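Peer 1: Starting off with a structure, shown below.
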Amino acid sequence: MSFPKFSSTLARVGAASAALLAPAIAFAQQAAPAAADAAATAATAAAPVVDKGDTAFMFIATILVLFMLVPGLALFYGGLVRSKNMLSVLMQCTMIGAVVMLIWVIYGYSFAFGGGTSPYWGGTAKMFLMGVNTTTTAATFSKGVVIPEFIFMLFQMTFAAITPALIIGAYAERIKFSASVLFCALWATFVYFPIAHMVWDSNGFLFKMGALDFAGGTVVHINAGIAGICGALLIGKRTGYGKDMMAPHSMTLTMVGASMLWVGWFGFNAGSNLEASGGAMLATVNTFIATAAAIVSWSVVETFTRGKASMLGGASGMVAGLVAITPAAGIAGPMGAIVMGLIVSPLCYFFVSVVKNKFGYDDTADVFGVHCVGGIFGALATGIFASASLGGVGYADGVTMSSQFMVQLTAVITTIVWCGVGSIILYKIVDVIVGLRVTVEAEREGLDLASHGEAAYHTS
């Protein structure tokens, strides 16, 4: 039996229902993937973000720090020594950098940033870069923002490579090549890596205390300066010091090297922000103007004391300004950076021209007078110019200027004691193993020929 009218009515109702339900069905079809996308977005937002811009920024910063070492530091120191020792300085910078790079990836990165809970070293978990690969990340200063761990490891590697190379300027022209390389390898292991952990690792002794060191006032400059003066005193003065002419053989190369240091220092300071953000730009501004102020300040002091402003003084002021602003680069305000630059040069000039002559020590390239003294000043001044009232980024909750200054002083003293005691022990060990100093004959001939069989310059 058929019911044509009923069937027709049912068909019309079905069609009408379908028409009414079509928007709801379409909405449901659209809402399902939208909900899935929202869930995925929420999950992505919760996960740490690796930004390609930050990664590229850190890559450039890392290469700039390498540029500081070779050729920057090598040419700066090379120009300051006599021509017969030019290649020895270049070779020491090159070899020390290469050796420390290898040590860093084998165990140095782990000793400094291995994730251990000790306040004095990072442990062995990341030896041979165990667990470090293309997917692992390192934290930055912004919550939820990370960078690839490889680039963080490499950036810190360049710091580890250049710091021991800074030391050689204090005892240049009289140390054995083998002794210089061996000492720096041991020094990096037992002095630099622990200090880097204490200051920059979240579990570090000085980090937990609240010490401020943006890019290496204690870790790099005080550390290297103390090791340098210990070496200069233990190895002794150059043969003929105070009698023979020992002026820099090429202020042109020293100026070239110092300029390369200034350019590379932007990687040093801005890169320590770990992100291409406003903090990196603050560090960039401060690296420009603190250095400029220090150059002017050193030249003014020389004009009043010697009657003339020298190129050596200009280059020394350049480095002094860079050293002083390093711990405060991303912390002090621009006006504070200028004040720091203006003050550091007279202070370093006093140690280079007065204290050095008074005590008669032979610090060939004034590593102690510029790096250590400038680093101490910069570390302590960071505690003052971090104040928001002076244009800085401000202190942590409950911290005052006086309490921060005392923390900075503690960090400085800790670095001096750890480095001083450790360096003296290591120099003695190296002296027993290979001997520290070349023979008088080799020193008079020049270390280029005596140690490397080459000469930097040939006359036609």
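Peer 1: State the answer as a single residue: which of Leu274, Ala125, Val89 lies farthest towards the positive end of the charge dipole of the chain, with beta carbon charges of +1 for Lys and Arg and -1 for Asp and Glu, about the Cα centre.
Peer 2: Leu274
Peer 1: Could you list which residues have their amide H under 5 Å from that of Val145, counting only those 5 or more apart in sequence or on another chain, with H placed in the peptide plane?
Peer 2: Val49, Thr140
Peer 1: Moving to a separate point now. Are there chymotrypsin sites (Phe, Trp or Tyr not before Pro) in segment 74-147 that DSSP marks as loop and that have at most 12 other Cβ atoms within 10 Å, and which are they? Before the final figure, lay out each step's value.
Peer 2: On the way: sites: Phe76, Tyr77, Trp104, Tyr107, Tyr109, Phe111, Phe113, Tyr120, Trp121, Phe128, Phe141; in loops: Tyr120, Trp121, Phe141.
For chymotrypsin sites (Phe, Trp or Tyr not before Pro) across segment 74-147 that sit outside H, G, I, E and B with at most 12 neighbouring Cβ atoms in 10 Å, the list reads Phe141.
Peer 1: OK, next. With a Förster radius of 56 Å, plug the Cβ-Cβ distance of Asp431 and Ser259 into 1/(1 + (r/R0)^6) and report the FRET value to the nearest 0.05.
Peer 2: Working from the Cβ atoms, E equals 0.95.
Peer 1: A further question follows. Is there a quick way to get the dipole size of segment 393-460? I mean about its Cα centre, with the Cβ of Lys and Arg at +1 and of Asp and Glu at -1; what is the value in debye to the nearest 20? List each step's numbers first, then the result.
Peer 2: Values: 3 positive and 7 negative charges, 56 e Å.
Value, rounded to 20: 260 debye.
Peer 1: Tabulate in residue order the Karplus-calculated ³J(HN,Hα) for segment 272-285, using 6.51 cos²θ - 1.76 cosθ + 1.60 with θ = phi - 60°, rounded to whole Hz; enter x for Gly and Pro.
Peer 2: 5, 6, 6, 9, 7, 10, x, x, 5, 6, 4, 4, 5, 4
Peer 1: Here's something else I'd like to know. For segment 285-381, which trypsin sites (Lys or Arg not before Pro) pass both filters: DSSP loop (anything but H, G, I, E, B) and at most 13 other C-beta atoms within 10 Å?
Peer 2: Here the trypsin sites (Lys or Arg not before Pro) that fit, given the DSSP loop and packing criteria, are Lys308.
Peer 1: I'm checking a number: the convex hull volume of the Cα atoms of segment 344-393, normalised per residue, in Å³. What is it?
Peer 2: Roughly 72 Å³ of hull volume per residue.
Peer 1: Which residue, Val285, Leu447, Leu436, has the largest displacement toward the positive end of the dipole of the chain when charges sit on each Cβ (Lys, Arg +1; Asp, Glu -1)?
Peer 2: Among Val285, Leu447, Leu436, the one farthest towards the positive end of the dipole of the chain is Val285.
Peer 1: Continuing with the same structure: Ignoring ligands, DNA and RNA, please state the percent of accessible area on the chain from carbon and sulfur, probe 1.4 Å.
Peer 2: Working: 14090 of 19660 Å².
Result for the chain: 72 percent of the exposed heavy-atom area is carbon or sulfur.
Peer 1: Using the Karplus equation 6.51 cos²θ - 1.76 cosθ + 1.60 (θ = phi - 60°), what ³J(HN,Hα) coupling, rounded to whole Hz, does each residue of segment 427-438 give in order, writing x for Gly and Pro?
Peer 2: 4, 5, 5, 5, 4, 5, 6, 10, x, 8, 10, 6
Peer 1: When ligands, DNA and RNA are left out and all protein chains stay put, how many square angstrom of accessible area per residue does the chain have with a 1.4 Å probe?
Peer 2: Numbers: 19660 Å² over 460 residues.
Per-residue accessible area for the chain comes out at 43 Å².
Peer 1: Related question: Once label points are set 7 Å from the Cα along Cα→Cβ at both Ala125 and Val49, what is their separation, rounded to one decimal in nm?
Peer 2: Calculated label separation equals 2.7 nm.
Peer 1: Taking +1 at the Cβ of each Lys and Arg and -1 at the Cβ of each Asp and Glu, which of Gly378, Ala170, Ala224 sits farthest along the dipole of the chain towards its positive end, judged by Cα position relative to the Cα centre?
Peer 2: My answer, from the dipole projection, is Gly378.
Peer 1: To the nearest 500 deg cm²/dmol, what mean residue ellipticity at 222 nm is calculated for the chain from DSSP H runs of n ≥ 4 alone, each contributing -39,500 (n - 2.57), summed and divided by the residues?
Peer 2: Only helices count here, giving -20500 deg cm²/dmol.
Peer 1: Computed from the coordinates I sent, volume of the Cα convex hull per residue in Å³ equals one of (1) 224; (2) 206; (3) 189. Tell me the label.
Peer 2: (1)
Peer 1: Further question on the same structure: Using amide H atoms built 1.01 Å from N in the peptide plane, name the residues 5+ places from Arg437, or on other chains, whose amide H lies under 5 Å from its own.
Peer 2: Lys176
Peer 1: Okay, next question. For the chain, with only Lys/Arg (+1) and Asp/Glu (-1) charged at the beta-carbon, what is the dipole magnitude about the Cα centre, in debye rounded to 20?
Peer 2: So the dipole magnitude of the chain works out to roughly 140 debye.
Peer 1: Compute the signed sum of charges (Lys and Arg +1, Asp and Glu -1) over the other residues within less than 10 Å, Cβ to Cβ, of Leu436. Before the final figure, lay out each step's value.
Peer 2: Numbers: positive: Arg174, Lys176, Lys428, Arg437; negative: Asp431.
Around Leu436, the surrounding residues sum to +3.
Peer 1: Related question: What is the count of Lys pairs in the chain whose alpha carbons sit under 21 Å apart, if the two are 8 or more places apart or on different chains?
Peer 2: For the chain, qualifying lysine pairs total 13.
Peer 1: Another one. Treat each spin label as a single point 7 Å out from the Cα along the C-beta direction, and report the Ala247 to His452 distance in nm.
Peer 2: 2.4 nm
Peer 1: Can you tell me how segment 380-460 classifies by the Cα gyration tensor, rounded, prolate or oblate, using a/c under 1.5 as the rounded cut?
Peer 2: Verdict is oblate for segment 380-460.
The values are calculated or read from the model by the stated rules, or taken from the named source; none is laboratory data. These figures come from a predicted structure and were not determined experimentally. Cβ atoms come from the backbone with ideal geometry, glycine included; neighbour counts cover every protein chain shown. What goes into the accessible areas is simple: the full protein's heavy atoms, side chains included, and nothing from ligands, DNA or RNA. Shrake-Rupley method; radii C 1.70, N 1.55, O 1.52, S 1.80 Å.
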